[in-house]
Amino acid sequence: MQPSTPWRIVAGLVAALAATGAGHGLAAVLNPGSAPLIVIASTLIDAAPTPAKEFAVRTFGTADKPILIGSVAIVVLIVAALLGHIAWRRRTTAVIGISLLGAVGVVAAAVRPNASPVDTLPSLLAGVVGVIALDRLSRVVSTPAPSGSVDPRVSRRALLAGIGVTAVVAAVGHGGGLLVGQVRAASSEMRRRLTLPRPASAAKSIPPGAQLGGMTPFSTSTDAFYRVDIALVTPRIAVEDWTLTIDGMVDTPLTLSYEELLGLPMIERDITLTCVSNEVGGPYVGTARWLGVPFTEIIKLVGVQDDVDQVFSHSLDQGYTCSTPYQAVSDGRDAMIVVGMNGEVLPDKNGFPARMLVPGLFGFVSATKWLDRIEFTRYDRRTAYWTERDWATDAPILTQSRIDVPKSLASITGEKPVLAGVAWAQQRGIAKVEIRIDGGPWQPATLADEAGIDLWRQWSFVYAGPPGRHTAEVRATDKSGATQPEKRTKVFPSGAQGWHQIQFTKE
Ligand SMILES: Nc1nc2c(c(=O)[nH]1)N[C@H]1C(S)=C(S)[C@@H](COP(=O)(O)O)O[C@H]1N2
Ligand SMILES: [Mo]
């Protein structure tokens, strides 16, 4: 005697929800990144071949993380539904099945870089809860009633009660986990009320003429700033326990507390940061006002040895590492260890307590968040996270330009309809932007005022052609004289090239 198919499937599903709920609840307290579904997703990211990762970033953008976690959850639920379906006829198989799901989580947690054994506990608990739940539920109606005749109404009530209890476990686990997460987020929000030191060297004010009307904001708000990293759960670092170690091939290694770091002389600069994964015309670029300790100050303090050619930075997040040419942090550009963004303490998502920033280099070779250690070393001694995954070792930001107004397929109207956008070539500066309509001759766009060579530059162009449907293409020339090449390339391994193109209608 077994319940009907829908009941068996529901039993499998609530067992899985109770299991993941217990696991996520425990993880919320121990380490949010160790929640069963999250560790499995993180390990998949690590193991994924580069083309798959590239596809995910390109297709799902910053939604790639929820989509990945959601996919893992769906697979787990489908398997759980199947196990529920067979649980009354093949209890042992079902119970082994659900314990294997837990085991997948335990293994995923154990193989994470920098894994602590504690990280396996949430998946272990999930496995145990899943086994108990499915085992109990699948015994409900198969036990013959003592009288010898099974009363289906009683059995159904017992089954409902079992499912109810399991659902409560699921709700308490998931709900408790969410609550703890919110408390953590709120308490780290409090840190933003910390007062930052004033810079020894303040940012120059941005010329008003750098911002065109009706265009993308020249300065990107912190909320609107793109986010790219491998972290599925935003690290929230307790600053009291945090230190920054600076060592490697130096005369006097140094370990700084947050207070000590804030005590060093600071500079404040507006800098445009760009991601290597930005497609032509893409959104992974933004400009913020950064406050930090210049690398030149750090280099003076520790005494960097002569044959150093690489700055190897370590993150607290999953052992992420990054390589930056020593030349780029010592040649006088505004490379820094950042503690403030847009006048506030660096937010958790952007790398609190400290991150790196090196103008002119893509984020993956310069902008390490949740910074923990800076090691002065050599390229022949250390290999970074993305280098091991075949991305370029040396990756200066490529000259790029983008049409922001109008949006592709939108209309323009009026006497003098305007196309407008941004162009960037950090460290070199933008010399010229040109527009081409329907593949015709290139025509110069009008450049907005320049705010500095480490910042993007806005441009506008008055469309004087006939009404109807048209295409517009843009290309920029940097101050070294190099013009963006036409040939489209992929973002892998060193950034996308090619001209951004849109279609628009002149009414
Ligand atoms: N710890 C850590 N730092 C990181 C990354 C990461 O995955 N982990 N991604 C880098 C990349 S690829 C970019 S483009 C920038 C993005 O910084 P943002 O998220 O503050 O915009 O951070 C860099 N720093
Ligand atoms: Mo990036």
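The numbers here are math on the coordinates, done by the rules we state, and not lab data. Keep in mind that this is a model prediction, so the values were computed, not measured. Neighbour counts run over all protein chains shown; Cβ positions are idealised from the backbone, glycine included.
Things to note:
- If you plug the beta carbon distance of Asp46 and Thr483 into 1/(1 + (r/R0)^6) with R0 = 30 Å, you get a FRET efficiency near 0.20.
- Alpha carbon centroid spacing (whole Å) that separates segment 168-216 from segment 376-399: 30
- Subtracting the Cα-Cα distance of Arg389 and Arg227 from 0.36 nm times their residue separation leaves 56.3 nm of extension gain.
- For the cross-link pairs Lys369/Lys490; Lys65/Lys349; Lys407/Lys506; Lys416/Lys506; Lys349/Lys369; Lys432/Lys479, the ones whose C-alpha atoms lie over 18 Å apart are Lys369/Lys490.
- Per-residue Cβ neighbour counts within 10 Å put Thr377, Thr274, Thr296, Thr252 in the sequence Thr252, Thr296, Thr377, Thr274, beginning with the fewest.
- Scoring 357-368, 71-82, 393-404 by mean Cβ neighbours within 10 Å over their residues and listing the highest first yields 357-368, 393-404, 71-82.
- Residue order for Arg289, Arg89, Arg198, fewest other beta carbons within 10 angstrom first, comes to Arg198, Arg89, Arg289.
- Within the chain, percent of DSSP bridges classed antiparallel, to nearest 5: 90
- Translational D in µm²/s for the chain (Stokes-Einstein at 10 °C, 1.306 mPa s, Kirkwood Rh from C-alpha pairs): 62
- Square roots of 5 times each gyration tensor eigenvalue, C-alpha, segment 1-126, largest first, Å: 28, 18, 12
- Förster-model FRET efficiency, 22 Å R0, Asp135 and Leu82, C-beta, rounded to 0.05: 0.85
- On the principal axes of its alpha carbon atoms, segment 412-458 extends 35, 22, 11 Å, with the longest extent given first.
- Residues listed by number, segment 466-492, amide nitrogen under 13 Å from Asp438 label point at 7 Å toward C-beta: 466-472
- Cα gyration tensor, segment 157-256 - rounded (a/c under 1.5), prolate or oblate: oblate
- Placing dummy labels 7 Å off each Cα toward the beta-carbon, the span from Glu344 to Asp247 is 3.5 nm.
- Mean Cβ count within 10 Å, highest first, over the residues of peptides 335-342, 406-413, 42-49: 335-342, 42-49, 406-413
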